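> Input: one structure, supplied below.
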Amino acid sequence: MSDKLNLVLNVWRQKGPKDAGRFVRYEVKDISTHMSFLEMLDVLNERLLAQGEEPIAFDHDCREGICGACGVVIDGSPHGPSKRTTTCQLHMRSFRSGQELTVEPWRAAAFPVLRDLVVDRSALDRIIQAGGYVGVRSGSPRDANSIPVRKEDADLAMDAAACIGCGACVAACPNASASLFTAAKISHLALLPQGQPERRERAIAMVARMDGEGFGHCTNHGECESSCPKGISVDNIARMNREFLAAAAASRRPLGAEAKDDDGGA
Amino acid sequence: MTVLDARAPSGPIDARWDRRRFEMKLVNPANRRKFSIIVVGSGLAGGAAAATLGELGYDVRCFCYQDSPRRAHSIAAQGGINAAKNYQNDGDSVYRLFHDTVKGGDFRARESNVYRLAQLSVNIIDQCVAQGVPFAREYGGLLANRSFGGAQVSRTFYARGQTGQQLLLGAYQALERQVAAGTVKMYPRHEMMDVVVVGGRARGIVTRDLVTGAIEAHVADVVVLATGGYGNVFFLSTNAKGCNTTAIWRAHRRGALFANPCFTQIHPTCIPVAGDYQSKLTLMSESLRNDGRVWVPRGAEDCGADPAKIPEDRRDYYLERIYPSFGNLVPRDIASRRAKEMCDQGRGVGPEVAGVRRGVYLDFRDAIQRLGRQTVAERYGNLFEMYERITGEDPFDVPMRIYPATHYTMGGLWVNYDLESTIPGLFVGGEANFSDHGANRLGASALMQGLADGYFVLPATLGHYLGATKLEKLTAEHAEVRGAVEEVRARVDKLLSIGGKRSPDSFHRELGALIWDNCGMSRNAANLERALRRIPELRAEFWENLAVVGSGSELNQVLEKASRVADFMELGELMCRDALSRDESCGCHYREEHVTPEGEAKRDDAGFQHVAAWEWRGPDAEPVRHQEALEFELVKPVQRSYV
Ligand SMILES: Cc1cc2nc3c(=O)[nH]c(=O)nc-3n(C[C@H](O)[C@H](O)[C@H](O)COP(=O)(O)OP(=O)(O)OC[C@H]3O[C@@H](n4cnc5c(N)ncnc54)[C@H](O)[C@@H]3O)c2cc1C
Ligand code: FES
């Protein structure tokens, strides 16, 4: 088998947030199968630059599948065809020579395109601001081993906490819901003793903020889990729903009302 | 040359930090809101500092170049974080961690700082657990530990292979809590391009908004740089692609001394370069060396052969041969240098890149026979998967190939005991300062240092600075501030207008190769001198033949790279100069002229038991070398030996 490929890419090009975008066709030749998808884009970008054309903008940083910066939709799949793999770790050996691919940014009302394949995901940070933390002060906690945690709970919490915040779940969801992202953080903290004091307020406030940011509702398609590069389970969404209902039932606040930022007693 | 004063407290070592804190001025809680603080960086050091300072009630602004503070490079740390908790009852203590760190750094770190780091390590774990960091646990519900990087005690805390991620998310969540509370304003996608110095004090920064291109000044009462390491000067490293030296280099040009720039750490177990398009290198956890055996063919004729067909007597298990007692577990720098040596002898394996095979085998065949496939999969399954995802080869069938890569930079801006640089009001934390690791960092100690600086040291010392210093009111209209903004604008315009032919990446690759060959794993005067002649030529070509397209008033990733590469050029030269003038070997700094008969780094304590801190004098002028003498009251310098 040859370890070189020729491909045709139809890449979304958009100059700025207010400009109209369009697909532009590029032929790339002699691509080594050992390259990552982003290295293939690097090679194309070097060529564009040499021709005096503007290279394709895309977000990336660690290139190890952990920072969550990268992510494009390849032929309709967020992060491309390989399971549990971020775009930066996707290698060209997953493609066949002669293939024609479309490459687009995450599409969601809550993720406006900034340029080409780069989108604004700050809505995810605002969901965390609504309550995705434990309200402890620096400097004076008690000894770490005075809070024992069942290993099983710690492992489940870690499964949820492994989310890298890339936004592929939103891009994969027909409703552009951020439920998997939000549920992962609610679960991580709800599973640990440290998360208990703010458990109710957290569930209500984070869900309200998610809705307020313009993400859609979850209607159980499950596309989020299958496109998640970290394999975060939709079980977390079920847990979020339980947390939310229990919190809403126990809360004196009317259900769904915009929650105030609870400062956690700082 | 001046002799630098670290202003470290004296007296019993275990009381120094307490004493220093007691001497410090405090800021009345009601007044804190009136003080403004800029924190550049949202990694472990910057994120923890910004969150803590916000919580104390200061008016904080925090900057990072990524789209979210959660993506700082700290996220990529895998192995773990050290702390002297002695939870395993195996004889660990604050003193032992202190001792190991001073010795591990080959006696080129400051004892007072290292002791404080070891003391604070204990508080870090408490802090992170309280935040809900899901560290690994034992069945009894208590925290689990492992031994790491050859340490004789189990003092490393971890969260699967994602310790950095979980620690950073803890700090990030604390930070976002402060953003919601209104004490911290976050500026993502902002690149710091300069510091503003007014009346001899750091009073702000100049940034470029990476989306709109707007160049602006932000003024404040005090500035913290926590912008990470400069390993990307090598182009290929295990660092994230955006890691840069710009923030600290710009501060250096404004008067902050740069300490020990040549102290850079090379990690032995990374996935080798596969082709000339390679954009970064991926680290494989060092734990692999616990069971994997490192070898190369005895003769070059076997290097292209199927490794399974190379018989035992034609293999050279060189680490086991040279270091019979430590074998495959020799320290990072030794394992790295020996691998390079094998490849330089033409005995490397894997694909040829630029005519040389740069890789050695890390073979699990014997471990699989001894322990069974199941056990090997339990121990290393996720690492094997990661390796296979990148290389397309399954380490159960074909031996892994590894090669050393740049990983961490011990050098950085010089700071005193309070983490203040030589520019008053400019504090530096995390990997960006010249740190507590001397000439070599021990595994799992960088995360510890970043969080110690961010959660504990900086909040205390900044408070003192603000309480003890009388600062004049300053606005962005001040002439010095406007001047700094104009200089940044002019530099960006210059980068955009060269109209040459070579991309920023092509300059960066060439610079990286030069530094790697001449100021990498092993160094000698002739090579360093050659690099010192070549880098200025390359820098001159850069300013004449650089190609950047697009404008400055939009998201322009080529421009971002160009601006960073320009600073790496100047830094690379300083690294070579530092390596040349440090005419000894120590830790990671291996000068071929100074080796013991066993081939190990040979220190010259009479000549070089000091920190070298460089003063900028202009792009074409020789920098001035200052010194901070190091004293070892408690841990007596000895020669390392592993044979
Ligand atoms: C692959 C890998 C694995 C590692 N594993 C371990 C480990 O197991 N244990 C351990 O102890 N250490 C480990 N290290 C080292 C450790 O991760 C780092 O030293 C540490 O995380 C650095 O933290 P920091 O806060 O100083 O900087 P960083 O996390 O690098 O953060 C820098 C911040 O500064 C910002 N910034 C940088 N430049 C600018 C600029 N010009 N303008 C604006 N913002 C800027 C960035 O946006 C970012 O927010 C590892 C390193 C690597 C590369
Ligand atoms: S670049 Fe970090 S996850 Fe892909």
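> Whether any residue in region B:411-428 is touching a residue at least 40 places away in the same chain (Cβ under 8 Å), more than 17 Å from B:A613 (Cβ to Cβ), of a type outside the set (G, A, S) and not in a loop (DSSP other than H, G, I, E, B) is what I want to check.
no
> Right, another one. Just to be sure, is A:L189 more than 10 Å from chain B (Cβ to nearest Cβ), open to solvent by less than 20 Å² (accessible area, probe 1.4 Å) and touching a residue at least 24 places away in the same chain (Cβ under 8 Å)?
The answer is no for A:L189.
> Please count how many residues of region B:319-366 are of a type in the set (F, W, Y) and at pLDDT 95 or above.
2
> Within region A:131-182, track down each residue that is at the interface with chain B (Cβ under 7 Å from one of its Cβ atoms), of a type in the set (S, T, Y) and more than 18 Å from A:E243 (Cα to Cα).
A:S138
> Report every pair of residues separated by at least 6 positions or lying on different chains whose Cβ atoms are under 6 Å apart, first residue within region A:60-84 and in the same structural domain as A:Q99 (by TED's automatic domain parsing), second in a strand (DSSP E or B).
A:V72/A:V103; A:V73/A:E104; A:I74/A:L101; A:I74/A:V103; A:D75/A:L101; A:D75/A:T102; A:G80/A:I74
> Which one of these does B:S581 not meet: (1) touching a residue at least 24 places away in the same chain (Cβ under 8 Å); (2) open to solvent by 60 Å² or more (accessible area, probe 1.4 Å); (3) closer than 24 Å to B:V102 by Cβ?
Among (1) touching a residue at least 24 places away in the same chain (Cβ under 8 Å); (2) open to solvent by 60 Å² or more (accessible area, probe 1.4 Å); (3) closer than 24 Å to B:V102 by Cβ, B:S581 violates only (2).
> Among the numbered criteria (1) closer than 26 Å to B:V94 by Cβ; (2) under 19 Å from the mean Cα position of the chain (by Cα), which single criterion is violated by B:F456?
Checking B:F456 against (1) closer than 26 Å to B:V94 by Cβ; (2) under 19 Å from the mean Cα position of the chain (by Cα), the one that fails is (2).
> Report yes if some residue within region A:52-61 is within 16 Å of ligand 1 (Cβ to nearest atom), of a type outside the set (D, E) and facing chain B (nearest Cβ under 7 Å); otherwise report no.
yes
> Can you confirm whether B:G91 is over 30 Å from B:E176 (Cβ atoms), more than 14 Å from every other protein chain (Cβ to nearest Cβ) and out of contact with any Lys or Arg (no Cβ under 8 Å at 6 or more places or on another chain)?
Taking the combined requirement at face value, the residue satisfies it.
> Sort out which residues of region A:192-204 are farther than 23 Å from B:I125 by Cβ and open to solvent by 10 Å² or more (accessible area, probe 1.4 Å), and write them in order of number.
Once the filter is applied, which keeps residues that are farther than 23 Å from B:I125 by Cβ and open to solvent by 10 Å² or more (accessible area, probe 1.4 Å), region A:192-204 yields A:R199, A:R200, A:E201, A:I204.
> Out of region A:66-109, which residues are within 16 Å of ligand 1 (Cβ to nearest atom) and facing chain B (nearest Cβ under 8 Å)?
A:I66, A:C67, A:G68, A:A69, A:Q89
> For residues that are in a loop (DSSP other than H, G, I, E, B) and either aliphatic (A, V, I, L, M) or crowded, with 24+ Cβ neighbours inside 10 Å (or both), tally how many sit in region B:243-261.
Just the residues of region B:243-261 that are in a loop (DSSP other than H, G, I, E, B), to begin with: B:243-245, B:254-257, B:260-261.
Pick out the ones that are also either aliphatic (A, V, I, L, M) or crowded, with 24+ Cβ neighbours inside 10 Å (or both) and you get B:243-245, B:256-257, B:260-261.
Selection size over region B:243-261: 7.
> Against the conditions (1) farther than 30 Å from B:E138 by Cα; (2) within 16 Å of ligand 1 (Cβ to nearest atom); (3) buried (at least 24 other Cβ atoms within 10 Å of the Cβ), where does A:I164 fall short? Just the number, please.
(1)
> Of the residues that make up region B:306-318, is at least one surrounded by 17 or more Cβ atoms within 10 Å (Cβ to Cβ), away from ligand 1 (no atom under 16 Å from the Cβ) and within 30 Å of B:L580 (Cβ to Cβ)?
Checking region B:306-318: at least one residue is surrounded by 17 or more Cβ atoms within 10 Å (Cβ to Cβ), away from ligand 1 (no atom under 16 Å from the Cβ) and within 30 Å of B:L580 (Cβ to Cβ).
> Among what's in region B:99-149 and is in contact with a Gly (Cβ under 6 Å, 6 or more places away or on another chain) and closer than 17 Å to B:T163 by Cβ, pick the residue that is farthest from the other protein chains (Cβ to nearest Cβ). Break it down stepwise before answering.
Initially, region B:99-149 is screened for residues in contact with a Gly (Cβ under 6 Å, 6 or more places away or on another chain), giving B:105-106, B:108-109, B:128, B:131-133, B:148-149.
The next check asks that each one be closer than 17 Å to B:T163 by Cβ; those that pass are B:128, B:131-133, B:148-149.
Values: B:C128: 8, B:Q131: 5, B:G132: 4, B:V133: 8, B:F148: 18, B:G149: 20 Å.
Per the stated criteria, the residue is B:G149.
> Let me ask something else about it. I'd like the full set of residues that are within 19 Å of B:N232 (Cα to Cα), within 14 Å of another protein chain (Cβ to nearest Cβ) and of a type outside the set (S, T, N, Q), limited to region B:547-573.
Of everything in region B:547-573, those that are within 19 Å of B:N232 (Cα to Cα), within 14 Å of another protein chain (Cβ to nearest Cβ) and of a type outside the set (S, T, N, Q) turn out to be B:V558, B:L559, B:E560, B:K561, B:A562, B:R564, B:V565.
> Suppose we keep only residues that are among the polar types (S, T, N, Q), in contact (Cβ under 8 Å) with a residue 12 or more places away in the chain and assigned to a helix (DSSP H, G or I) within region B:496-552. Which one would you say is farthest from B:A601 (Cα to Cα)?
My answer is B:N545.
> Right, something else. Output yes when any residue across region A:111-122 is within 16 Å of ligand 1 (Cβ to nearest atom) and either more than 7 Å from chain B (Cβ to nearest Cβ) or not β-branched (V, I, T) (or both), and no when none is.
yes
> Next up: Taking the criterion of being free of Cβ contacts under 8 Å to residues at least 60 places away in the same chain and either over 30 Å from B:S551 (Cβ atoms) or open to solvent by less than 10 Å² (accessible area, probe 1.4 Å) (or both), would at least one residue in region A:4-23 satisfy it?
no
> Take the residues in region B:33-49 that are more than 6 Å from ligand 1 (Cβ to nearest atom) and crowded, with 24+ Cβ neighbours inside 10 Å; name whichever of them is farthest from the other protein chains (Cβ to nearest Cβ). I'd like the intermediate steps shown before the answer.
We begin by selecting, within region B:33-49, every residue more than 6 Å from ligand 1 (Cβ to nearest atom); these are B:33-39, B:47-49.
This time we only want the ones that are crowded, with 24+ Cβ neighbours inside 10 Å, so: B:37-39, B:47-49.
Numbers: B:I37: 15, B:I38: 19, B:V39: 14, B:G47: 12, B:A48: 8, B:A49: 10 Å.
Across region B:33-49, the extreme among qualifying residues is B:I38.
> Identify the single condition in (1) open to solvent by 10 Å² or more (accessible area, probe 1.4 Å); (2) among the small types (G, A, S); (3) within 14 Å of chain A (Cβ to nearest Cβ) that B:A525 does not satisfy, given that it satisfies every other one.
Every listed condition holds for B:A525 apart from (3).
> Give the number of residues within region A:120-143 that are outside any loop (DSSP other than H, G, I, E, B) and crowded, with 24+ Cβ neighbours inside 10 Å.
3
> Filter region A:69-102 down to the residues that are buried (at least 24 other Cβ atoms within 10 Å of the Cβ) and among the β-branched types (V, I, T), then identify the one that is nearest to ligand 2 (Cβ to nearest atom).
A:T86
> Name the single residue that is nearest to ligand 2 (Cβ to nearest atom) among those in region B:50-81 being polar (S, T, N, Q) and open to solvent by 10 Å² or more (accessible area, probe 1.4 Å).
B:Q66
> Conditions: (1) within 16 Å of ligand 1 (Cβ to nearest atom); (2) touching a strand residue (DSSP E or B) at 6+ places or on another chain (Cβ under 8 Å). B:E480 meets all but one. Number of the miss?
Every listed condition holds for B:E480 apart from (1).
> Sticking with this one: Among the residues of region B:211-238, write down those that are within 8 Å of ligand 1 (Cβ to nearest atom), in a loop (DSSP other than H, G, I, E, B) and either of a type in the set (G, A, S) or touching a Leu at 6+ places or on another chain (Cβ under 9 Å) (or both).
B:A226, B:G228, B:G229, B:S237, B:T238
> Then there is this: Helices (runs of 4 or more DSSP H) wholly in region A:185-258 with at least 3 residues that are over 21 Å from B:Q165 (Cβ atoms), modelled with pLDDT of 95 or more and away from ligand 1 (no atom under 16 Å from the Cβ) - which ones?
Values: elements: A:199-212, A:223-227, A:235-250.
By residue number, A:199-212, A:235-250.
> So which of B:L168, B:L175 is surrounded by 24 or more Cβ atoms within 10 Å (Cβ to Cβ) and within 16 Å of ligand 2 (Cβ to nearest atom)?
B:L168
The values are calculated or read from the model by the stated rules, or taken from the named source; none is laboratory data. As the structure is a prediction and not an experimental result, all values here were calculated from the model. Neighbour counts run over all protein chains shown; Cβ positions are idealised from the backbone, glycine included. Areas reflect the complete protein model, heavy atoms only, side chains present, ligands, DNA and RNA absent. Shrake-Rupley method; radii C 1.70, N 1.55, O 1.52, S 1.80 Å.
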